[in-house]
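Before any comments, here is the structure.
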Amino acid sequence: MAPYRTLEWRDNTLVLLDQRLLPHTVHYVTLSRVEEVAEAIRNMTVRGAPAIGATAAYGMALAALHSPSKTPEELRTHLEKAATLLKASRPTAVNLAWAVDRILSRVNALSTSNPAQIFEAVLNEAHTIADEDIRTNRQIGLNALPLLPPKVTFIHHCNTGALATVDYGTALGIIRTAHEHGHEVFVYVDETRPRLQGARLTAWELQQLGIPFQIIVDGASGFVMRTRKVDAVVVGCDRVAANGDTANKIGTYNLALAARAHGVPLYVAAPTSTIDLSLPNGDAIPIEERSEEEIIAVDGHQIAPLGATAYNPAFDVTPAQYITAIITEVGIAYPPYEQSLRQQVEQAKTWREQFRRPDP
Ligand code: MRU
């Protein structure tokens, strides 16, 4: 496990590692209100689809804990409002809505009318979501192993490691698992403009894991694939539509095009909580646009001419045709994804049930 905690429930508060300050400052923030949780997701104190899902689940626990509601009906209404607030904090990663809706359906299925018991059930479900995330990530890593040669060079985009999840990571988890199983691993780390999740966070994690790497600028990946041997591109995802179209950090689509042009397989690591079967294809995925400041300034220093404007979509959609395989906690999905993803989502329900925590 990582020597740091991305997020942790401690003494009825939620403690988050402030990812905006990494790698040079390790600082934790302690949150006790759901409004603070929504803001921490929005301002990217915590980021990465699975991490924000688990964070939002604990946000619901804080909402239940501090609710002024006197009756269970009032508490349910209060939790629905908290859910709406959390869901609005970042729109693309479906894990957030998935986790919050999972808490709501748990609450709606309860027969108790005692608000304290409702809080305990919400907290228990949040812990279950967090535990599942770690188990899921480890299994994704194991499921990917047969795809990898013993000496393997990756290109990796954004940050998909322990920091982007509750622990271990998804695409970075695949890299870790290969390393732990004795593969000779090397990673080209896309720096990932504009927030530099690759240069700041992935490089930090790889350093601590002792996995050799070099940072490249995002625009270098085509050249690297042409001039050096790259065996696989591995990326995470924020939402996968029913046909396999995948939203992930801006730049993933360019990377996928370059990978296809050079015959390099592109693997998407996807917990089934990131698969959204309600959307037929990627056109329907909401894409977050962030502030232009993220592009025209670096660390608060203006780099573009005064008055310059910028367009800052935080994610893009890679069409399914460029994705070699999607690796989930229950196996490897190959095209046609309409069929294989549906099967994986069904199988994951049974897989999850065996680890469910008993109700308090
Ligand atoms: O804007 P971010 O840093 O939250 O974006 C993160 C990504 O795009 C990751 O690739 C994705 O969430 C998967 S993390 C396991």
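Which helices count as membrane-span-like in the chain under these terms: full DSSP H, at least 20 Å along the axis by C-alpha, Kyte-Doolittle mean of 0.0 or more?
Numbers: long enough: 49-65 (24 Å, 1.41); 72-87 (22 Å, -0.64); 94-108 (21 Å, 0.47); 115-144 (43 Å, -0.30); 337-353 (24 Å, -1.84).
Membrane-span-like by this rule: 49-65, 94-108.
The mean accessible area for residues of the chain, using a 1.4 Å probe and ignoring ligands and nucleic acids, is 41 Å² per residue.
Computed over the chain, relative contact order equals 16 percent, with contacts defined as Cα pairs under 8 Å that lie 6+ residues apart. Most simply put, the chain has about 50% antiparallel DSSP beta bridges, counting only bridges with both residues inside it. Could you grab the Rg to Rh ratio for the range 46-149? Cα atoms only, Kirkwood for Rh. Rg divided by Rh gives 1.08. Antiparallel beta bridges, as assigned by DSSP with both residues in the range 189-332, represent about 50 percent of the total such bridges.
Go ahead and run the numbers for FRET between residue 184 and residue 223, Cβ-Cβ distance against an R0 of 30 Å, rounding to 0.05.
Values: r = 23 Å, r/R0 = 0.76.
My answer for the efficiency is 0.85.
Measuring from a point 7 Å past the Cα of residue 342 along Cα-to-C-beta, which residues in the range 209-244 have an amide N at less than 20 Å? Taking a point 7 Å out along Cα→Cβ of residue 342, the residues of the range 209-244 whose backbone N falls under 20 Å are 240-244.
With n ≥ 4 as the cut-off for DSSP H runs, can you work out [θ] at 222 nm for the chain, using -39500 (n - 2.57) per run divided by the number of residues, rounded to the nearest 500?
Details: 11 runs with 142 residues, N = 360.
Taken over the chain, the calculation gives -12500 deg cm²/dmol.
Checking every one of the chymotrypsin sites (Phe, Trp or Tyr not before Pro) in the range 217-312 against DSSP loop status and a limit of 14 other Cβ atoms within 10 Å picks out 311.
For residue 349, a cut-off of 17 angstrom between C-alpha atoms picks up these aspartates and glutamates, skipping any fewer than 8 places away in its own chain: 101, 125, 131, 132, 133, 276, 329. Within the accessible area of the chain, the carbon and sulfur atoms contribute 53%, probe 1.4 Å, all protein chains present. Take every pair of alpha-carbon atoms less than 8 Å apart whose residues are at least six positions apart; their mean separation over the length of the range 80-180 yields a relative contact order of 23 percent. Take the Cα radius of gyration of the chain and divide it by 2.2 N^0.38 Å, N being the number of residues; the result is 0.97. The residues 195, 226, 10, 90, sorted by heavy-atom accessible surface at 1.4 Å with ligands and nucleic acids left out, run 226, 10, 195, 90 from largest to smallest. Using a simple spin-label model with pseudo-atoms 7 Å out from Cα toward Cβ, residue 151 and residue 30 lie 5.2 nm apart.
The values are calculated or read from the model by the stated rules, or taken from the named source; none is laboratory data. Remember, it's a predicted structure, so these values are computed and weren't measured experimentally. Quick reminder, even Gly has a Cβ in these numbers, built from the backbone with ideal geometry, and neighbours come from all protein chains shown. Note: accessible area is taken over every heavy atom of the protein model, side chains too, but ligands, DNA and RNA are not part of it. Shrake-Rupley method; radii C 1.70, N 1.55, O 1.52, S 1.80 Å.
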